[in-house]
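To start, the structure itself, in structure tokens.
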Amino acid sequence: MDLITTRVGFVAVLLFQFCSLPSANLVFQVHHTFAGSKRPLTQFKAHDSGRHRRILSAVDLPLGGDGSPTSAALYFTKIQIGTPPKDYHVQVDTGSDLLWINCAGCEKCPKKSDLGISLALYNPEASSSAKTVNCDQDICTSTLSDPSNDCKAGMYCSYAVKYGDGSSTAGYFVRDNVQLDRVSGNLQTTFINGSIAFGCGSQQSGELGSSQQALDGILGFGQANSSMLSQLASANKVKKIFSHCLDGSQGGGIFAIGEVVQPTVQTTPMIPEAHYNVELKDIEVGGEVLQLPTDIFDVGEKRGTIIDSGTTLTYLPDLVYKQVIEKIDAAQPTIKSHIVEQQFTCYKYSGNVDEGFPIIKFHFENSLTLKVYPHQYFFEVQDGDWCVGFQDSDLQSQGGKEITLLGDLVLSDKLVTYDLEKKTIGWVEYNCSSSIKVKDEESGKQYMMGAHNLSPAGRHVTTSTGILFFILAFVISLY
């Protein structure tokens, strides 16, 4: 989900105050809304359609084609807010920045969720630690985006956010305690309270009011100064770096804030954009480089290729897509491909797809290569029926140029690192069920951290000092 316009009386930033706990080490259990691969194919494309309306609109790249969104969230975690603490499920969203929660008295807030979770409305009057944020408080005035706004001293600091798919949220800011898991040793965590200013949503519209995969709110994880990552970094809690490693076979993984020192990750420069964009040079299929126009991957002022683990499939310009499919077809000349649900190229194949189809390599600036094996770009819809996870791009800029976007099927089984301090993105092939080594910024020590695949009920995870970890658990089916 991504921001298209923010009409904030005064957009409050997320301030984590951990009292006398410098470099606190926190643990979140993040769930994936889909897990497994045998799913109606329209849900793959429909999910991405909703995602693209949100993520692309912020960079003025409207979605073409059709299809209504079937999913309002992708990754979500459970946090506890208030005194006494109560559970709230929030989407972890790299495309927006604010944290907000549906509040008591909310108009058009969802009352149930298709995810099978219980929804809850936050009530500041029921929490002894809750405080409203007024217009004359630093948290409000320091983030004033419109000097002409008529927010006056003593008034509530309000917000109104409109997302790219037309949905919106509005309300006011409060400050309350959020109970978090702090890593206190190997295989050990303890609870700490962080005082956070966040949006108390009093009115929702569009998909945010739908029960389809409804959650209690959104935890923004974008690049802006108001994001949780930026605020933790400015408070010297963590470095402005995060990484994820999605296990494509076991369905688990790691999402870490902080510096990963092992394995070593080769990087490519980020193109200055609202999202995570890099420069794709060429594509190689089965050892042969595709013959393409040199500017085919450029959009506008070199907006480049979008790296988005929140999207399922990979989207390629028409000419690129056709050449890739031709090369895949050529690997099995005796098997005739067929189209499923009018959009997916599929093959009846009973063997090992890694032995029967070509490896695809995406080559980026700074000699960085994304190597994608057949089992990573194919998905099995039923026994022996394999479909390609690439789509002919229906994503276009205002100038009419097609967009290139790499989704999480091709990003699986790789440690992917986003370094917002050095403005780079990088990855390395990795066994995401094994351990990584991370650095504690306070002490300089390095610690090993093992990956886990959490059950839906969730269990505490092994983490390490100085790093904030999101552990991904896949709980329903893969898209």
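Brief remarks on what is shown
- Amide proton proximity set for TRP100, modelled H, under 5 Å, gap of 5+: GLY199, ILE218, GLY220
- Heavy atoms of THR294 accessible to a 1.4 Å probe, total area in Å² rounded to 10: 140 Å²
- Charge context of LYS414, other residues only, Cβ under 12 angstrom, K/R +1, D/E -1: -3
- Karplus (6.51, -1.76, 1.60) ³J(HN,Hα), θ = phi - 60°, over segment 82-90, in Hz, Gly and Pro reported as x: x, 10, x, x, 10, 7, 9, 9, 10
- Exceeding the 25 Å Cα-Cα cut-off - candidates LYS281/LYS371; LYS78/LYS108; LYS78/LYS371; LYS131/LYS152; LYS281/LYS348: LYS78/LYS371; LYS281/LYS348
- Reachable lysines from LYS437, criterion Cα separation under 16 angstrom, eight or more residues apart if same chain: LYS239, LYS414, LYS445
- Dipole of segment 352-396, positive direction: furthest Cα of PRO358, VAL381, THR369, with charges on the beta-carbon: THR369
- Couplings 3J(HN,Hα) of segment 338-348, computed from phi: 9, 9, 9, 6, 6, 8, 10, 7, 10, 9, 7 Hz, in residue order, whole Hz [Karplus 6.51 cos²θ - 1.76 cosθ + 1.60, θ = phi - 60°; x for Gly and Pro].
- Karplus-derived 3J(HN,Hα) values for segment 279-289, using 6.51 cos²θ - 1.76 cosθ + 1.60 with θ = phi - 60°, are 9, 8, 8, 7, 10, 10, 10, x, x, 10, 7 Hz; glycine and proline are entered as x.
- The peptide list 115-121, 200-206, put in order of mean Cβ contacts within 10 Å with the highest first, becomes 200-206, 115-121.
- Whole-Å distance, taken between Cα centres, linking segment 79-135 and segment 424-439: 33 Å
- Based on C-alpha pairs under 8 angstrom that are at least 6 apart in sequence, segment 288-392 has a relative contact order of 27 percent.
- Under 5 Å between amide hydrogens, built in the peptide plane, is the criterion, and for LEU415 it picks out VAL428, TYR430 among residues at least 5 positions away or on other chains.
- Cut-off under 5 Å, modelled amide H: who pairs with GLN391 long-range: THR314, TYR315, LEU316
- Packing around the peptides 273-282, 170-179, 428-437, taken as the average count of other Cβ atoms within 10 Å per residue, puts them in this order, highest first: 170-179, 273-282, 428-437.
- Measuring r between the beta carbons of GLU107 and THR334 and using R0 = 60 Å, the FRET efficiency lands at 0.50.
- Heavy-atom accessible area ranking, 1.4 Å probe, most first, across MET155, MET270: MET155, MET270
- Dipole-positive endmost among PRO317, LEU406, GLN332 within segment 292-442 (Cβ charges, Cα centre): GLN332
The values are calculated or read from the model by the stated rules, or taken from the named source; none is laboratory data. Given the structure is predicted, the values throughout are model-derived calculations rather than measurements. All Cβ positions, even for glycine, are placed from backbone atoms using ideal geometry, and neighbour counts span all protein chains on display. Side chains are part of the model used for accessible areas, which takes the heavy atoms of the whole protein and leaves out ligands, DNA and RNA. Shrake-Rupley method; radii C 1.70, N 1.55, O 1.52, S 1.80 Å.
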